[in-house]
Amino acid sequence: MCFFMQHFVQIALPLPIHKQFTYSIAPDMWQDNLVGRRALVPFGKRTLTGIITHITQEPVPGAKYVHEILDDAPIYSPQLMNFTKWVADYYFGSWGETLKAALPQGMSPQSIITVKLRYPITDEYLLNVAKRAPKRAALLELLMNHKGSVSVGHLQKQLNSDSIAEQLDSLEHAGVISCFVGIEADIQPKTQKAIAILPEIPANQDVFKTILDELDKKAPKQALLLSHLYIYSLHHRSPMLLADALRETHSTSAAVQGLLKKGLIYETEIEVSRVEKPIDASESLVQREEAHLSLTIEQNHALMRINEQLTAQKYKTFLLHGVTGSGKTLVYIHAIRQALSLNKTSLLLVPEISLTPQLIDRFHAVFGEEIAVLHSRMSAGERFDNWRKIQRNEAKIVIGARSAIFAPLQNLGLIIVDEEHEPSYKQESPSPRYNARDCAIMRGGLEHAVVVLGSATPSMESMFNAGMGKYHLLEISSRADGATLPSIRVVNTKEERKLKLMNGAFSRDMMSAIEERITRKEGVILFHNRRGFASYLECTDCGDIPHCKNCSVTLTYHKGTNLLRCHYCSYNTVAVQCCEVCGSVDIREVGTGTQRIEEELEHAFNIRGMSPKIQRMDLDTTSQKGSHRKMLQQFSNGEIDILIGTQMVAKGLDFRRVTLVGVLNADLQLFMPDFRAAERTFQLLTQVSGRAGRSSEYSGEVIIQTAHPDHQAIIAAVAGKYELFYSDELQLRKEANYPPFTRFVLIELSSPSEQKVHEHAHYLAGLLPKANPDVWRVGPSIPTISRLRSQYRRIVVLKSMKHLDPTGEKLRAALTSAYTTYQQKHATSSVKVTIDIDSFASI
């Protein structure tokens, strides 16, 4: 009888379950150093990709076997394993979901169910099914409109349903459909055909010369191709891409086949990178040579403090508070240089993809191809190739948005979080709902790296931490390169409207200032944080307003496409020509979006006999790959005179020709039901104002239109005084028990049934402390948007005072206890519970 030792491993699966699962590994699959590798495993009727987290010696009777180990070596370092575990624990997510979030899309294959009609469905049959089972009919209609198989995931998304198992079972039992189970393909490196001369052919030069002479007489195209491959082999160790060889020699596939038949060359597949090459200098958005710019006294002081910690290789967090245009990026560049000199890698986080084109160009100009870029607008292949470049230690610098915090950098020495105040660093969905800024601080601590948080308008929390001594505050109070801060003036739109001096969204002063810049061929940026044409359409007779069928919000009117669109669930419908309630054709457009701004501006200049080039930059105009960069390039070159945009134009742009920034409505975000509304308004106004006058050659001007010029956020932004806003807002937060004095957890319950979500919100709230001085709850309550994507919502807020619960243990204990009891006694698949730690969500 043959005996063998059975090995067991614990695996974290990408499921919302706070535990690991034990599997057995067959002896022929056992290897050393399995922790941190991907494994394909059975889970119920499915197959999932999990990550091996531990080797265990404890036998588990009945443990299922691992199907396959997908990696030859660990893809997670021990440091990254520890970091992802902390993220999962702190943000109340599962370790498996967090580990999956750290990988590029396509690296977590799983079983996938596809559905196909077995025979054509008649309209009569569909009508009969619709009478008995409308959900089944809707499913059939989707299948009828598709050729071939459709994945269950796609069907659920189209039907806006979490589960269609019941409908599938019924239709499969009736013989109408067939269901197939397969496993998604793991993303792979891209390969292309290549050719190369056989090594032994040119070894004997005399023989090789004879071959070339013979070919030159009988097949000159083959001779040209062979000699070209020979020259290529002298300079490169790899075969030549077939497409390149044909293009460079003007050959055809017939010449290739001829050489293959003669046994002179061979054909193979070689890996090709999908990593984008640095932009050519002629297309770069870099405004000036930064590598050789001298530092100001304040920049140099900040750099010295950072470099001291880099050299000491000790963890420390710096808060770099520099006014807009103060040269924080130049400090980043010099700090990264210091890290590289110490053989350390660097991670630069930026809040949004809209900030990255110009920033990436600036870093490429200095560091060349040592940079890898990670962001969500990349294709799966591009992201995978950049990730592999990082993991192979071929990239020493990573620039990316929120998810780049998980980049597999080795020997990490420096983490920079640019515009650290930005709410887009907070992941809202799916789990884990992490804040990349706070995670950067934790990863820096775990890997003994230096962390730099940079901003012209630091978040309340970061500045508070600096005041408490947790961060080292570094300040740059003046602009670099001899530039001065722009002058800012306010236009009171309430008074202007009374005097009838407003032309649509534009005051007389704003129009005059824009016209002046157009005449001087200078750049203008107009900021309006609402896309679309109008906020909504309204019947003037009965007051009816079209609403989204899935969400409790009005539909935004987009004039260009004549659509009413929901900006939450993407539902859209053709704009109504007459009221659906009373039949009136008197429909008015209420509110102003970027499309209307663009139209009003074009009309105003047409009247003046002028035709400036106007470009709108928002999600509607930048959906195509490369469109964002193209617009910025045209604006930089002076081909665009006026750039109208949402938050895309408010941050990160550095164009010397911009001398005017106009804020068309500073009040849009000011009175949102969010305790951070004033802070975000101040930050946005300060950031967008900073786009003007960024050169010593041109002075900048900012015009802010507002109906509330006496609001503290407006006053502080106009004065350019961060301290003024910070001290006032800090006092208000303290009185209202909001961060940074408290911890803030948002618990959201959602369900297709309003009654069920109401009941379960009270079940869960009843398990949380209500009047405890250390930890207490607020709610349950109905949020402003009570229905979202066909789900009714309720929220419960859990708070704790930091001075009474400094580590957050009491809050976490109360939350864990309540959630565990709820799961045991009340949980149901029809009600989803989402826990958002340190929430940034609007209530």
Over the stretch 609-630, the set of residues open to solvent by 100 Å² or more (accessible area, probe 1.4 Å) and touching a residue at least 12 places away in the same chain (Cβ under 8 Å) is Lys625
If I filter the stretch 440-461 for residues that are under 15 Å from the mean Cα position of the chain (by Cα) and touching a residue at least 60 places away in the same chain (Cβ under 8 Å), do I get at least one hit?
no
Residue check for Ile597: open to solvent by less than 80 Å² (accessible area, probe 1.4 Å), in a loop (DSSP other than H, G, I, E, B) and farther than 16 Å from Asn562 by Cα
no
Hits in the stretch 664-703 (condition: in a loop (DSSP other than H, G, I, E, B), among the polar types (S, T, N, Q) and closer than 23 Å to Arg479 by Cβ):
Ser696, Ser699
What's the number of the only condition in (1) open to solvent by 20 Å² or more (accessible area, probe 1.4 Å); (2) more than 16 Å from the chain's Cα centre (by Cα) that Ser346 fails to meet?
(1)
For Tyr471: the one exception among (1) buried (at least 19 other Cβ atoms within 10 Å of the Cβ); (2) within 27 Å of Gly693 (Cα to Cα)
(2)
Residues (within 15 Å of Pro430 (Cβ to Cβ), at pLDDT 90 or above and either of a type in the set (Val, Ile, Thr) or open to solvent by less than 40 Å² (accessible area, probe 1.4 Å) (or both)) located in the stretch 821-843
Val833, Thr834, Ile835, Asp836, Ile837
Of (1) among the polar types (S, T, N, Q); (2) open to solvent by less than 20 Å² (accessible area, probe 1.4 Å); (3) without any contact (Cβ under 8 Å) to a residue 40 or more places away in the chain, Gln755 fails just (2)
Which one is nearest to Met107 (Cα to Cα) among residues in the stretch 188-232 that are part of a helix (DSSP H, G or I) and hydroxyl-bearing (Ser, Thr, Tyr)?
Tyr232
Among helices (runs of 4 or more DSSP H) entirely within the stretch 251-349, at least 1 residues that are closer than 29 Å to Phe655 by Cα and at pLDDT 90 or above occur in 297-312, 328-341
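This table checks each residue for (1) surrounded by 14 or more Cβ atoms within 10 Å (Cβ to Cβ); (2) among the hydroxyl-bearing types (Ser, Thr, Tyr); (3) on the phi > 0 side of the Ramachandran plot; (4) under 22 Å from the mean Cα position of the chain (by Cα).
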position: Lys45; (1), (2), (3), (4): no, no, no, no
position: Ile51; (1), (2), (3), (4): yes, no, no, no
position: Ile55; (1), (2), (3), (4): yes, no, no, no
position: Pro59; (1), (2), (3), (4): no, no, no, no
position: Asp72; (1), (2), (3), (4): no, no, no, no
position: Ser77; (1), (2), (3), (4): yes, yes, no, no
position: Phe83; (1), (2), (3), (4): yes, no, no, yes
position: Trp95; (1), (2), (3), (4): yes, no, no, yes
position: Thr98; (1), (2), (3), (4): yes, yes, no, yes
Can you tell me which of (1) among the aromatic types (Phe, Trp, Tyr); (2) assigned to a helix (DSSP H, G or I); (3) touching a residue at least 12 places away in the same chain (Cβ under 8 Å) is the one Tyr125 doesn't meet?
(3)
All strands (runs of 3 or more DSSP E) inside the stretch 475-591 with 2 or more residues being open to solvent by 20 Å² or more (accessible area, probe 1.4 Å), closer than 30 Å to Leu788 by Cα and touching an Asp or Glu at 6+ places or on another chain (Cβ under 9 Å):
536-539, 587-590
If a residue has to be open to solvent by 10 Å² or more (accessible area, probe 1.4 Å), assigned to a loop (DSSP other than H, G, I, E, B) and under 17 Å from Thr622 (Cβ atoms) to count, how many in the stretch 639-658 make the cut?
3
Please go through the stretch 233-249 and pick out each residue that is of a type in the set (A, V, I, L, M, F, W, C), open to solvent by 50 Å² or more (accessible area, probe 1.4 Å) and either within 17 Å of Gln192 (Cα to Cα) or not in a helix (DSSP H, G or I) (or both).
Ala243
Pull out all pairs, ordered by first then second residue, where Cβ-Cβ is under 7 Å, the residues are six or more apart or on different chains, the first lies in the stretch 470-483 and is touching a residue at least 12 places away in the same chain (Cβ under 8 Å) and within 12 Å of Ser696 (Cα to Cα), and the second is open to solvent by less than 70 Å² (accessible area, probe 1.4 Å) and β-branched (Val, Ile, Thr).
Arg479/Val323; Ala480/Thr296
Residue that is farther than 27 Å from Gly467 by Cβ and either surrounded by 17 or more Cβ atoms within 10 Å (Cβ to Cβ) or touching a residue at least 24 places away in the same chain (Cβ under 8 Å) (or both), where the choices are Arg743, Arg733, Arg812, Arg787:
Arg787
In the stretch 671-695, anything open to solvent by 10 Å² or more (accessible area, probe 1.4 Å), without any contact (Cβ under 8 Å) to a residue 60 or more places away in the chain and not small (Gly, Ala, Ser) is listed as Phe671
Among the listed residues Arg118, Arg132, which satisfies the condition of being out of contact with any strand residue (DSSP E or B) (no Cβ under 9 Å at 6 or more places or on another chain) and open to solvent by 70 Å² or more (accessible area, probe 1.4 Å)?
Arg132
Taking Ser424 as meeting all but one of (1) part of a loop (DSSP other than H, G, I, E, B); (2) under 24 Å from Ile399 (Cβ atoms), write down the number of the exception.
(1)
Given the conditions (1) of a type in the set (Val, Ile, Thr); (2) open to solvent by 60 Å² or more (accessible area, probe 1.4 Å); (3) in contact with a helix residue (DSSP H, G or I) (Cβ under 9 Å, 6 or more places away or on another chain), report the number of the one that Ile795 does not fulfil.
(2)
Considering only residues of the stretch 747-794 that are touching an Asp or Glu at 6+ places or on another chain (Cβ under 8 Å) and acidic (Asp, Glu), which is nearest to Tyr568 (Cα to Cα)?
Glu748
Taking the stated definitions as given, is Val129 under 30 Å from Ala39 (Cβ atoms), over 28 Å from the mean Cα position of the chain (by Cα) and modelled with pLDDT of 80 or more?
no
For the stretch 584-591, indicate whether the set of residues that are touching a His at 6+ places or on another chain (Cβ under 6 Å) and aliphatic (A, V, I, L, M) is non-empty.
no
Go through the stretch 427-439 residue by residue and tally those that are in contact with a strand residue (DSSP E or B) (Cβ under 7 Å, 6 or more places away or on another chain) and open to solvent by 10 Å² or more (accessible area, probe 1.4 Å).
2
Filter the stretch 779-817 for residues that are part of a strand (DSSP E or B), touching a Lys or Arg at 6+ places or on another chain (Cβ under 7 Å) and hydrophobic (A, V, I, L, M, F, W, C) and give the result.
Val796, Val797, Leu798
Any idea how many residues of the stretch 612-631 are charged (D, E, K, R), under 20 Å from Arg530 (Cβ atoms) and not in a strand (DSSP E or B)?
2
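The values are calculated or read from the model by the stated rules, or taken from the named source; none is laboratory data. Everything numeric here is computed off the predicted structure, so don't read it as measured data. Cβ: placed from backbone, ideal geometry, glycine included. Neighbour counts: every protein chain shown. Note: accessible area is taken over every heavy atom of the protein model, side chains too, but ligands, DNA and RNA are not part of it. Shrake-Rupley method; radii C 1.70, N 1.55, O 1.52, S 1.80 Å.
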